[in-house]
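Visitor: One structure, as structure tokens, below. Some questions next.
The values are calculated or read from the model by the stated rules, or taken from the named source; none is laboratory data. None of the values given here were measured: they were computed from a predicted structure. Cβ sites come from the backbone with ideal geometry, for glycine too, and all protein chains shown count toward neighbours. Side chains included, ligands, DNA and RNA excluded: accessible areas come from the protein's heavy atoms. Shrake-Rupley method; radii C 1.70, N 1.55, O 1.52, S 1.80 Å.
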Amino acid sequence: MGGAGCVRPVLSAAAIASAVVAGCAAPGSSFEADPAVVSTATGTALHSPVWSYREHALVALTDDHRLVTVTDPEGSRRPVTRTSAPLGAGRDIEISELDDRHVFVPQPGAGRVAVVDLDGLRPVGALTAGPAPAYLAQDAGARLLLALSADGTHVTAVNLHRRTALATAEVPGDAQSTIDGANRGDVVEYHLYGPGEIGYYKGAGSPPPLRGTYAVTAEAAAGDGAKVTRTYVAGPGSRELLAVDVQRGGDGLQVVGHAVLPAPIRFLGTDDTRIYAATDRGLVVLQSASFTGYRNSTIPVIRTISLADRLGGAAVSGMAIGPHRVYLTVRGQDRVLGVAKPRL
């Protein structure tokens, strides 16, 4: 890997073990919701979930490329699951930053991105987004939808105000796997994750200038909730979580934080203050320390929540971050786990 010269202290086994908690919580505990873990039946297996604040619902994809909403997944009332007609959906979905009534669904076979109304789960429009758009992200600051082609060789930026494609850029080097846009800022800014390398792009042009790379294959990745230059990654089958950020001056990437978790990391997510790492055994919550940085380059673990009895050996198929819970879909199973966020 790159980032030579970075010191990467390893968390002790005792420090990790001390954070393990049971899957329930009493009122007044250190969790933001009670109980600590809820399991909600969904009627069908889901993956690639996102959270809709407008609908107070989980929105996800099915294996047969439909869109599903699960209202009240915390189970305080009877959850309601609604399913769309077949959409030929790609690999993920994005709720519009401009109009949260709508969700963007890539349709690589049709060569477009469907705009689907969350209330009726029906397409109400379509966007031209380059060749075979299959994976989406948003640059929230620049109000752009970013579409990665099915073969991972092209990125297309779509102006969300005008709903028109600005430009399609050919990706240099190997085909890319995923893309993640910035949460703020008024210029195009995103990370591309491919085999063997992360690329950080920022500025005008098509593609925007490449500001830095870091040598790692990111099987799991998530941008920081507050600092747009930082990304969190874990390699294939790796227990190692890396925080990667730009070097001083704005060019080049380096590791600024490190932690080793109890099990391989499958999915990553963030909010403004925390990092959430899903493993086959549970959920690990860590501090993001977006602006203060990490003492001794160690990412602090807030809590490790065991889900081994809930997962029963099944694999997690996706993660969504809600206001008080982190939602995990389970591969091949018609249920979702809602894990309460620990208090800071």
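Visitor: Run the simple label-point estimate for residue 210 and residue 175 please: 7 Å along Cα→C-beta, distance reported in nm.
Guide: 1.9 nm
Visitor: A follow-up question, please. Of the DSSP beta bridges with both residues in the chain, give the percent that are antiparallel, rounding to the nearest 5.
Guide: 95 percent
Visitor: Determine the per residue accessible area of the chain with all protein chains present and a 1.4 angstrom probe, expressed in square angstrom.
Guide: For the chain, the per-residue accessible area is 41 Å².
Visitor: Separation of the range 274-300 and the range 153-201 by C-alpha centroid, Å?
Guide: Comparing the Cα centres of the range 274-300 and the range 153-201, I get a distance of 26 Å.
Visitor: Check which residues have an amide H placed less than 5 Å from residue 270's amide H, if you skip close sequence neighbours.
Guide: Those qualifying (amide H under 5 Å, at least 5 residues apart or on another chain) are 276.
Visitor: Would you mind classifying the chain by shape? Square roots of the alpha carbon gyration tensor eigenvalues, ordered a ≥ b ≥ c; an a/c under 1.5 is rounded, otherwise it is prolate if a/b is larger than b/c and oblate if not.
Guide: Oblate is the answer for the chain, as a/c is 1.5 or above yet b/c matches or exceeds a/b.
Visitor: If you count, for each residue, the other Cβ atoms within 10 Å and average over each peptide, how do 115-124, 257-266 line up from highest to lowest?
Guide: 257-266, 115-124
Visitor: Send over the semi-axes of the range 155-207's equivalent ellipsoid, whole angstrom and largest first, taken as the square roots of 5 times the C-alpha gyration tensor eigenvalues.
Guide: Computed over the range 155-207, the values are 20, 13, 10 Å.
Visitor: Quick check: residue separation of residue 315 and residue 65 times 0.36 nm, minus the Cα distance between them. What number comes out in nm?
Guide: 88.1 nm
Visitor: According to a simple spin-label model (label point 7 Å from Cα along Cα-to-Cβ), what is the distance in nm between residue 124 and residue 226?
Guide: Between residue 226 and residue 124, the simple spin-label model gives 3.4 nm.
Visitor: Taking N as the number of residues in the range 145-250, what is its Cα Rg relative to 2.2 N^0.38 Å?
Guide: 1.04
Visitor: Still on this structure, I have one more. In the range 44-69, which residues have a backbone nitrogen under 12 Å from the label point lying 7 Å from residue 334's Cα in the Cα-to-Cβ direction?
Guide: Those under the cut-off are 44-46.
Visitor: If DNA, RNA and ligands are ignored and the probe is 1.4 Å, what is the ranking of 112, 211, 335 by accessible area, most exposed first?
Guide: Solvent-accessible surface, decreasing: 112, 211, 335.
Visitor: Grab the beta carbon distance between residue 247 and residue 101, set R0 = 45 Å, and tell me the FRET efficiency rounded to 0.05.
Guide: It comes out at approximately 0.65.
Visitor: I'd like the Karplus ³J(HN,Hα) series for the range 300-307: coefficients 6.51, -1.76, 1.60, θ = phi - 60°, whole numbers in Hz, and an x wherever there's a Gly or Pro.
Guide: Coupling constants for the range 300-307: x, 8, 7, 6, 10, 10, 6, 10 Hz.
Visitor: When only the heavy atoms of the protein chains count and the probe is 1.4 Å, how do 219, 240 rank by accessible area, highest first?
Guide: Of 219, 240, the descending order of accessible area is 219, 240.
Visitor: Need one word for the range 202-344: rounded, prolate or oblate. Basis is the Cα gyration tensor (sqrt eigenvalues a ≥ b ≥ c); a/c below 1.5 gives rounded, then a/b vs b/c decides.
Guide: Prolate, because a/c is 1.5 or more and a/b exceeds b/c.
Visitor: Quick check: at a probe of 1.4 Å, how many percent of the accessible area of the range 116-198 sits on carbon and sulfur atoms?
Guide: C and S atoms contribute 45 percent here.
Visitor: In nanometres, what is the gap between the two model label sites at residue 272 and residue 187, each 7 Å from Cα along Cα-to-Cβ?
Guide: With each label placed 7 Å out from Cα toward Cβ, I get 2.6 nm.
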